[in-house]
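The values are calculated or read from the model by the stated rules, or taken from the named source; none is laboratory data. In this text the structure is predicted, and so the values were computed from the model without any measurement. All Cβ positions, glycine included, derive from the backbone under ideal geometry; neighbour counts span all protein chains shown.
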């Protein structure tokens, strides 16, 4: 039943996403939606390491910023071709991620979270203080917009929306394939119990590093898209505020669930849009929701639905067994 | 000798958890390690399976020195184990939990997974077949697509067995396989252990349930305070004065 649901819901969502600019022909909403898509990619990255592998990385906004600043610096200062920079930037993020991962993954659990929180803050400080490279607090300006591909004018907000959507769908597709393969199952085995994974012959060191580097790739990719979309970068994109935004999206949607990043990000972005009038007091709404979520549904909204469908399944299967025993 | 342990010692600071233990396992038999709580049985298992590095001593498997090898490498050689507390992925089905057991025999990498290469398809199929095979063997076919959170304690134990068997082992270490389940279920799991041995898998288990051990094991080693105090057939162990003393305490004549 779940399968048939997936077969209907996923194409339906894609169609809705494709038609969105026509359903809501409002420039501002298209802008918000495009930005949401970028966040979703970053949240998917976080989900690989924090959700599936069980390592809560709090350096993710840092990697997002590394991707964005790489793109910014390569195009404005190095004056590299746009598409070359576009491809190189996530790779640079990954290489930095590899080095940081080598050290960070020597720690576990809370220590890993604290360590990566510090790494994230160091990335913020480097961006903030290294003025000659990053522009410091003044920020990095003059990042070129998406160039046109033949007749497709990516400077147009609607085309840009489709471009970001395409990258998002590709990312989701790739992550889906990874998670639903032996590679993904290996990550889950590590989250479940590292000792058990080791006893099953899995090299936890290699696989944790793989998950971490993969997650930085998607963070970097989201950063690149952000850079060419907003075209201005400030150090605050690597701040803990962004980090905890990403984490909130993931937790509300469902950490370690496949649909979680989409559900959580879209929901919170749109709810916070409609709560604009509350300004900073919005947190008075989000704080309690997040707390309740963690207490009553640790796997977010998606986890909640999964639980319900799992319980239904049990009822259907268990009934005949019980009558058998009774007889 | 199939598995041979020579003068194996593990110290944790001032505490000697395992002290100069000599031990060997013969191929195809059911072996047991017993001893009072804190006797060093689990530490002994952890040393052989590579979870802990020994302070001194040597472990040989089929003539190869495996002392100090990491656990994942030891698993690849065909030595599998279960843990006292079964840690399964509660939100996934029994089948999904067991599929990853065959991972160590596969080579699928990120590229294979993303592009669904022939290797990916072949190995995915092999893992699933292996999972079905071990689920059949452990009698879990009925609950294969149930979420682990919804199955019984005994079924969880079986799933842990299935997972260990999915690695294609020659030698399996079972750490208190029947802890926390009732006598009837214990008998069922004992039968499963016998089935494993009949299939040609060498078994070594830690247990507290004496009746079960005495029926099941062909060779028993007794540890007390990290030292081997006796080894032999169930009859020999039952009549060994030192063993009785270790278990009941006080003087033997009492």
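Among the residues of this structure, residue A:42 counts as one that is surrounded by 11 or more Cβ atoms within 10 Å (Cβ to Cβ), in a helix (DSSP H, G or I) and modelled with pLDDT of 95 or more. Residue A:51: modelled with pLDDT under 95, part of a helix (DSSP H, G or I) and within 25 Å of residue A:266 (Cβ to Cβ), yes or no? Yes.
Among the residues making up region A:277-288, a single one is closer than 17 Å to residue A:39 by Cβ and over 20 Å from the mean Cα position of the chain (by Cα): A:282. If the condition is being in contact with a helix residue (DSSP H, G or I) (Cβ under 8 Å, 6 or more places away or on another chain) and either over 21 Å from residue B:85 (Cβ atoms) or in contact (Cβ under 8 Å) with a residue 60 or more places away in the chain (or both), then region B:149-168 contributes B:155, B:156, B:157, B:159, B:161, B:162, B:163, B:164, B:165, B:166, B:167, B:168.
Is it true that some residue in region B:161-179 is over 23 Å from residue B:38 (Cβ atoms) and at pLDDT below 90? Checked region B:161-179: no residue is over 23 Å from residue B:38 (Cβ atoms) and at pLDDT below 90. Look through region B:153-181, keep the residues that are within 11 Å of another protein chain (Cβ to nearest Cβ) and more than 24 Å from residue B:123 (Cα to Cα), and return whichever of them is surrounded by the fewest Cβ atoms within 10 Å (Cβ to Cβ). Of everything passing the filter in region B:153-181, B:175 is surrounded by the fewest Cβ atoms within 10 Å (Cβ to Cβ).
Checking each residue in region A:169-183 for being within 7 Å of chain B (Cβ to nearest Cβ) and either in contact (Cβ under 8 Å) with a residue 12 or more places away in the chain or surrounded by fewer than 19 Cβ atoms within 10 Å (Cβ to Cβ) (or both) picks out A:174, A:177, A:178, A:183. Given B:57, B:50, B:68, B:35, which one is over 26 Å from residue A:194 (Cβ atoms) and either assigned by TED's automatic domain parsing to the domain that holds residue B:2 or under 16 Å from the mean Cα position of the chain (by Cα) (or both)? One residue alone meets the criteria, B:35.
The set of residues from region A:70-90 being exposed (fewer than 14 other Cβ atoms within 10 Å of the Cβ) and assigned to a helix (DSSP H, G or I) comprises A:83, A:84, A:87.
Those helices (runs of 4 or more DSSP H) of region B:23-131 in which 3 or more residues are more than 22 Å from residue B:145 (Cα to Cα) and within 14 Å of chain A (Cβ to nearest Cβ) occupy B:41-48, B:71-76, B:110-115.
With respect to residue A:55, is the statement that it is surrounded by fewer than 17 Cβ atoms within 10 Å (Cβ to Cβ) and over 19 Å from residue A:171 (Cβ atoms) true? No: the conditions fail for residue A:55. Of all residues in region A:281-327, those being outside any helix (DSSP H, G or I) and either at pLDDT below 60 or more than 20 Å from residue A:258 (Cβ to Cβ) (or both) number 1. Quick check: anything in region A:140-147 at pLDDT 90 or above, surrounded by fewer than 15 Cβ atoms within 10 Å (Cβ to Cβ), more than 9 Å from every other protein chain (Cβ to nearest Cβ) and out of contact with any helix residue (DSSP H, G or I) (no Cβ under 7 Å at 6 or more places or on another chain)? No, region A:140-147 has no match at all.
For region A:246-266, the criterion of a residue being surrounded by fewer than 16 Cβ atoms within 10 Å (Cβ to Cβ) and in contact with a helix residue (DSSP H, G or I) (Cβ under 8 Å, 6 or more places away or on another chain) is satisfied by no position.
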